1. Residues in region 88-113 that are under 25 Å from Ala161 (Cβ atoms) and either out of contact with any strand residue (DSSP E or B) (no Cβ under 6 Å at 6 or more places or on another chain) or in contact (Cβ under 8 Å) with a residue 60 or more places away in the chain (or both): how many?
2. Pull out all pairs, ordered by first then second residue, where Cβ-Cβ is under 7 Å, the residues are six or more apart or on different chains, the first lies in region 24-36 and is within 14 Å of Ala283 (Cα to Cα) and modelled with pLDDT under 95, and the second is charged (D, E, K, R) and within 15 Å of the ligand (Cβ to nearest atom).
3. Here are some conditions: (1) in a strand (DSSP E or B); (2) open to solvent by 50 Å² or more (accessible area, probe 1.4 Å). Ser183 meets all but one. Which one does it not meet?
4. Exactly one of these conditions fails for Glu263: (1) surrounded by fewer than 21 Cβ atoms within 10 Å (Cβ to Cβ); (2) within 16 Å of the ligand (Cβ to nearest atom); (3) among the acidic types (Asp, Glu); (4) touching a residue at least 60 places away in the same chain (Cβ under 8 Å). Give me its number.
5. Identify all residues within region 96-116 that are on the phi > 0 side of the Ramachandran plot and within 15 Å of the ligand (Cβ to nearest atom); write none if there are none.
6. Name the residue, out of Leu225, Leu245, that is over 20 Å from Gln33 (Cα atoms), among the hydrophobic types (A, V, I, L, M, F, W, C), open to solvent by less than 40 Å² (accessible area, probe 1.4 Å) and away from the ligand (no atom under 14 Å from the Cβ).
7. Report whether or not Val28 is in a strand (DSSP E or B), open to solvent by 10 Å² or more (accessible area, probe 1.4 Å), touching an Asp or Glu at 6+ places or on another chain (Cβ under 9 Å) and of a type in the set (Val, Ile, Thr).
Amino acid sequence: MLAEENILKRYPGNPIITPKDFPGSKAVFNPGQTMFNGKTLLLVSVLHNKPYCYKGVRQMTTTHVAVSDDGIHFDINTEEPFIYKNENEPYKTAGDQAIDLRVTKIGDTYYIIHPGCGSWGTFGILGKTTDFKKHEYVNIISLPDNRLPCLFPEKINGLYARIDRPYRVAPNQLHYMGNIWVSYSPDLIYWGNHRPLLKPGYSHWCGTKIGPTPPIKTKEGWLVLIHGVEENSSGHRYSIGAILLDLENPEIIRGKTYSTILEPYEPYEFNGIVPNVVFICGAIADETKDEIRVYYGCADTYIGLATGRLSELVDACLKGQ
Ligand code: BMA
């Protein structure tokens, strides 16, 4: 699909954050995102050129807070990581993979989920903060291989809710695949009532894999931006689409986009550590302004900004465009 036909439109000054903004890094990508005290706040995944030493622990990836008044120019805290490997569990076991952050605000608390990766497999680590200075570990909330559960921003029928994507080995053994599921919890730690929601492969752009981001509440339903992976003769291609879930019963899909809302097209989405990738961990929506902003990873190296109209995305889901 031509870039101009996608619902999300790129900011012309993309990429807005690059490794040049973080001395010693080789990738600054896949950010978690939210509004905090009236500012746009990103939790940036940083891959270092050589081990980054913090509090005596050497690590190759860390998470850093970046804030902006205008949503375009960001001030990154390069001195202090927000999440980093340390001697406490689960970080000791998990290795340093504090990347791909999913942020959900529930009440006054910002919950953050990121993967722990290591010889135990990849699992979901839940943490929280109220000030984006202190990150507090809560618990491991998903077993391998289920790296990124995403929380709904409010309880549904009296329970916390989440969507996740446990992996399974595909029958042809060529790829790992996974389906998206919904589950519920009384306390954000113990999860149950698991229900299957969506398989990959309903459209060419998500032929082998799909993965969720935190749901966004709209009048018409929960809007969930997802990434999709298509394998072809030159490798993989990561694009972005959307699904819309029923507000009262998120196990019901009200609609989904069959085409991408953003797919790799620009040079900075090809020329990087992992070419042919646009990857999302969330979005910032404002229903009163009918606006959605997506800070997305480009080729696992940079951060780009794409914007669109929330109502157009919801319509595209309902019409199956
Ligand atoms: C996924 C994750 C992302 C990455 C993407 C493309 O599996 O590892 O961090 O952006 O692959 O490489």
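1. Within region 88-113, residues that are under 25 Å from Ala161 (Cβ atoms) and either out of contact with any strand residue (DSSP E or B) (no Cβ under 6 Å at 6 or more places or on another chain) or in contact (Cβ under 8 Å) with a residue 60 or more places away in the chain (or both) number 13.
2. none
3. Condition (2) is where Ser183 drops out.
4. Glu263 satisfies all of (1) surrounded by fewer than 21 Cβ atoms within 10 Å (Cβ to Cβ); (2) within 16 Å of the ligand (Cβ to nearest atom); (3) among the acidic types (Asp, Glu); (4) touching a residue at least 60 places away in the same chain (Cβ under 8 Å) except (1).
5. To start, the set of residues in region 96-116 that are on the phi > 0 side of the Ramachandran plot comprises 100, 107.
Hit for region 96-116 is Asp100, nothing else.
6. On the way: Leu225 fails: over 20 Å from Gln33 (Cα atoms).
Among Leu225, Leu245, only Leu245 is over 20 Å from Gln33 (Cα atoms), among the hydrophobic types (A, V, I, L, M, F, W, C), open to solvent by less than 40 Å² (accessible area, probe 1.4 Å) and away from the ligand (no atom under 14 Å from the Cβ).
7. On the way: in a strand (DSSP E or B): yes; open to solvent by 10 Å² or more (accessible area, probe 1.4 Å): no; touching an Asp or Glu at 6+ places or on another chain (Cβ under 9 Å): yes; of a type in the set (Val, Ile, Thr): yes.
Spelling it out, it is not the case that Val28 is in a strand (DSSP E or B), open to solvent by 10 Å² or more (accessible area, probe 1.4 Å), touching an Asp or Glu at 6+ places or on another chain (Cβ under 9 Å) and of a type in the set (Val, Ile, Thr).
Let's see how each residue does on (1) among the aliphatic types (A, V, I, L, M); (2) touching an Asp or Glu at 6+ places or on another chain (Cβ under 7 Å); (3) open to solvent by 10 Å² or more (accessible area, probe 1.4 Å); (4) within 18 Å of Tyr111 (Cβ to Cβ):
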position	(1), (2), (3), (4)
Pro149	no, yes, no, yes
Glu154	no, no, yes, yes
Ala161	yes, no, no, yes
Gly201	no, no, yes, no
Gly207	no, yes, yes, no
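The values are calculated or read from the model by the stated rules, or taken from the named source; none is laboratory data. Please read these numbers as outputs of a predicted model, since none were measured by experiment. In this analysis, Cβ positions are derived from the backbone assuming ideal geometry, glycine residues included, and neighbour counts consider all displayed protein chains. With ligands, DNA and RNA removed, areas are computed over all heavy atoms of the protein, side chains included. Shrake-Rupley method; radii C 1.70, N 1.55, O 1.52, S 1.80 Å.
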